[in-house]
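Below: one structure, written as structure tokens.
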Number of protein chains: 2
Amino acid sequence: MTERPRFTPLAASLPATVPFVGPEAIVRQRGRPFAARLGPSPRVLEAIRAAAPDLWMYADPENHGLKAAFGAALGLPPAHVAIGAGIDELLGLTVRLFAGPGDAVVTSLGAYPTFNFHVVGFGARLVTVPYRNDREDLDALAARAAADNAAIVYLANPDNPMGSWWPAADIMRFVEAVPATTLVVLDEAYGETAPEGTLPPPGFSRPNLLRFRTLSKAYGLAGLRCAAVTGEPDLVQAFDKVRNHFGMGRIAEPAAVAALGDGEHLARTLARIAAARERIGRIAGAHGLAALPSATNFVAIDCDRDGAFAKAVLDGLIARDIFVRKPVAPGLDRTIRVSVGPDAELDLFEAALGPALAEARG
Amino acid sequence: MTERPRFTPLAASLPATVPFVGPEAIVRQRGRPFAARLGPSPRVLEAIRAAAPDLWMYADPENHGLKAAFGAALGLPPAHVAIGAGIDELLGLTVRLFAGPGDAVVTSLGAYPTFNFHVVGFGARLVTVPYRNDREDLDALAARAAADNAAIVYLANPDNPMGSWWPAADIMRFVEAVPATTLVVLDEAYGETAPEGTLPPPGFSRPNLLRFRTLSKAYGLAGLRCAAVTGEPDLVQAFDKVRNHFGMGRIAEPAAVAALGDGEHLARTLARIAAARERIGRIAGAHGLAALPSATNFVAIDCDRDGAFAKAVLDGLIARDIFVRKPVAPGLDRTIRVSVGPDAELDLFEAALGPALAEARG
């Protein structure tokens, strides 16, 4: 046998498969593009175009301007903010900081898979709690964190993939119920699209709480890679120990300042998202299906049978150029997940749903 | 004592200090900006501006187009390429994949500090070999890798911070001399600015070799965060186990395609870099100092005394609005590191060097 460089035992044990499929892979397979979704503020585009000549420079390694911009938007001092190239990166760093090999990390069965990818990737032990009535089960998560002496418990509010949410008061009770030695990861990626009263006040802070916000969802800047984590200064400053200090793109700061400062565009986007959610609900209803209430920029539609049936509906939609996803966890897998988009795209969804359903029903 | 969430023992042991200072921190302290350096191709700026409206989308998680673009530029099939948000990110993932807690990792004393940051960050054991005549000591690095049964040996060619380099034949002999069980990290960030014959041919590949290229240096796109690692398919595909699959910025692909495709701009930039290196050498010579030969976009100037004296020269330059860096390792620390730039910036350097030297000489 040829001698080779040695992967670490952990790296060697990790699955080699790519767990993430983007629309590009499907587009490459079938050779046709999908339609557009809701984009960023024109002011953001202007700021990016103006900043492009500065791309020869690295971004400020201290992220001084980005911390100030997120801090101002959230009403927090910059010392309570750390910056990352998307919540995914920040979740990876969080797991690395707090969960060692074998440590228990609690999440819901079927919740955000990229968090699980990092838990497995750092050798921690994933412990899952089932959803209850299509919502994350706060009592069960807190109880499980205590029973397993968990290093981290993960909660998304609003939730991905179901679009469900809890009022702030329940979230705050949940945080208090988690043991003080367990870090609470509160993923608020969809915070802007939630009804008022969903997010605890920005000042709600605990020594074991990290909260995550992003420009990828309501601000329409998924391709910018810019997110923030907020919490007590000693917690957020720990990211300096492990993050790539020159890792942020140079245009993230001007884009974030413009995006976070354009409340009118955000309000227009939120109105469009709300209208699109309602329309998706009407389309589902017209086909005899129930749309689950959603606080996000997507809607889970209950296909009212098992996972195989929902998968057949999804395949029928993708064959008709409609890019939808679906949860895979038992119970949740009876739904398909449809993203909001411009009316023209929802027209296509409306036209495709009937034939896709008929096909799936055989 | 209040109960707190637990950092992992490794995370708790890491230094809390920020090891990286960018020009922004100094600008904030003194309130005045530094002058500009060499920027990207106008075609890149055009591509970025055209792609800005697409920023609502995530980038392709498979980085299909980026692998193809770097592969085409290097004459390699895409399966030999993995993509990351800068070489820094790829170095971190490499350490994570190959060096576990306590494993020996060999580098030169005073070489690229971000690699060391990752080695320490993942709990591996840093083993250093001194420079020899201001170059990395190939024989000593290979011997040390064998003696310590190293997981990784790091080599930058051309080198940062000294600007020195080895011809391709020596690099290839070095790779052959390293044990087959040790991964060779060959950092070719400055590959474009090196004399012909410095880089082994793109097809030079070994089962224990990873090579790194970036858009941050000669292509003038440090703020874009886009780099590639090349090697045997089984090595580069291992990055899929741990990388953030949606971690690349959306505009990286069109920018990279434009940058890698604009050979004329690259040739112009390389000519300007060569001319600026020569001019920095003349300026140093006019002040009785020797500029070290450089294959990079910066020049190390030998201040011909000890580290304290070179630091005094550096402080004098920064006080005069000239942003320079300096190596800190014993022996190397007698130099200051001056980046190439437009003539107007070198005029300022020329005007400031005499007074800074006079001040340092006291």
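The values are calculated or read from the model by the stated rules, or taken from the named source; none is laboratory data. Remember, it's a predicted structure, so these values are computed and weren't measured experimentally. Quick reminder, even Gly has a Cβ in these numbers, built from the backbone with ideal geometry, and neighbours come from all protein chains shown. These accessible areas exclude ligands, DNA and RNA; they are computed on the full protein's heavy atoms, side chains included. Shrake-Rupley method; radii C 1.70, N 1.55, O 1.52, S 1.80 Å.
For region B:230-308, which helices (runs of 4 or more DSSP H) that fit wholly inside it have 3 or more residues that are more than 14 Å from chain A (Cβ to nearest Cβ)?
By residue number, B:252-261, B:263-286.
The condition of being more than 10 Å from chain A (Cβ to nearest Cβ) and modelled with pLDDT of 95 or more holds for only one of B:V44, B:V81, that being B:V81.
Can you go through A:L346, A:L357 and tell me which one is within 20 Å of A:K217 (Cβ to Cβ) and in contact (Cβ under 8 Å) with a residue 24 or more places away in the chain?
Residue meeting the stated conditions: A:L346.
Among what's in region A:21-41 and is buried (at least 17 other Cβ atoms within 10 Å of the Cβ) and within 7 Å of another protein chain (Cβ to nearest Cβ), pick the residue that is modelled with the lowest pLDDT.
Among residues in region A:21-41 that are buried (at least 17 other Cβ atoms within 10 Å of the Cβ) and within 7 Å of another protein chain (Cβ to nearest Cβ), the one modelled with the lowest pLDDT is A:R37.
The condition of being small (G, A, S) and within 13 Å of the chain's Cα centre (by Cα) holds for only one of A:G191, A:G223, A:G203, that being A:G191. The set of residues from region B:197-226 being basic (K, R) and more than 17 Å from B:K67 (Cα to Cα) comprises B:R206, B:K217.
Every residue, every condition in (1) within 17 Å of the chain's Cα centre (by Cα); (2) more than 26 Å from B:L270 (Cβ to Cβ); (3) at pLDDT below 95, yes or no:
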position: B:D302; (1), (2), (3): no, no, no
position: B:R305; (1), (2), (3): no, yes, no
position: B:V313; (1), (2), (3): no, yes, no
position: B:I318; (1), (2), (3): no, yes, yes
position: B:I322; (1), (2), (3): no, no, yes
position: B:V328; (1), (2), (3): yes, yes, yes
position: B:P342; (1), (2), (3): no, no, yes
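Taken together, the residues in region A:280-307 that are open to solvent by 10 Å² or more (accessible area, probe 1.4 Å), out of contact with any strand residue (DSSP E or B) (no Cβ under 8 Å at 6 or more places or on another chain) and within 23 Å of A:E136 (Cα to Cα) amount to 4.
Taking region B:188-200 as the search range and keeping residues that are open to solvent by 10 Å² or more (accessible area, probe 1.4 Å) and of a type in the set (D, E, K, R), which one is farthest from B:G341 (Cα to Cα)? The selected residue is B:E196.
Of the residues making up region B:309-328, those that are out of contact with any strand residue (DSSP E or B) (no Cβ under 7 Å at 6 or more places or on another chain), assigned to a helix (DSSP H, G or I) and open to solvent by 10 Å² or more (accessible area, probe 1.4 Å) number 6. Of the residues making up region A:218-229, those that are within 11 Å of chain B (Cβ to nearest Cβ) and either more than 13 Å from A:A189 (Cβ to Cβ) or surrounded by 24 or more Cβ atoms within 10 Å (Cβ to Cβ) (or both) are A:Y219, A:G220, A:L221, A:G223, A:L224, A:R225, A:C226.
Looking at the structure I just gave you, is A:G203 more than 8 Å from every other protein chain (Cβ to nearest Cβ), open to solvent by 10 Å² or more (accessible area, probe 1.4 Å) and among the small types (G, A, S)? Here the answer is yes, as A:G203 does meet what is asked. Write out, first by first residue and then by second, each pair whose Cβ atoms fall under 6 Å of each other, whose residues are 6+ apart or on separate chains, and whose first residue, in region B:109-128, is within 12 Å of chain A (Cβ to nearest Cβ) and over 16 Å from B:A329 (Cβ atoms) while the second is open to solvent by 30 Å² or more (accessible area, probe 1.4 Å) and assigned to a loop (DSSP other than H, G, I, E, B). What qualifies is B:G123/B:P101; B:A124/B:D103. Here A:F122 clears all of (1) over 21 Å from the mean Cα position of the chain (by Cα); (2) buried (at least 20 other Cβ atoms within 10 Å of the Cβ) except the condition numbered (1).
Of the residues A:A12, A:A50, A:A69, only one is modelled with pLDDT of 90 or more, open to solvent by 50 Å² or more (accessible area, probe 1.4 Å), part of a helix (DSSP H, G or I) and not aromatic (F, W, Y); which? Before the answer, list the steps.
On the way: A:A12 fails: modelled with pLDDT of 90 or more; A:A69 fails: open to solvent by 50 Å² or more (accessible area, probe 1.4 Å).
After ruling out the rest, the residue left standing is A:A50.
Every condition in (1) open to solvent by less than 10 Å² (accessible area, probe 1.4 Å); (2) within 18 Å of the chain's Cα centre (by Cα) holds for A:A151 except the one numbered (2).
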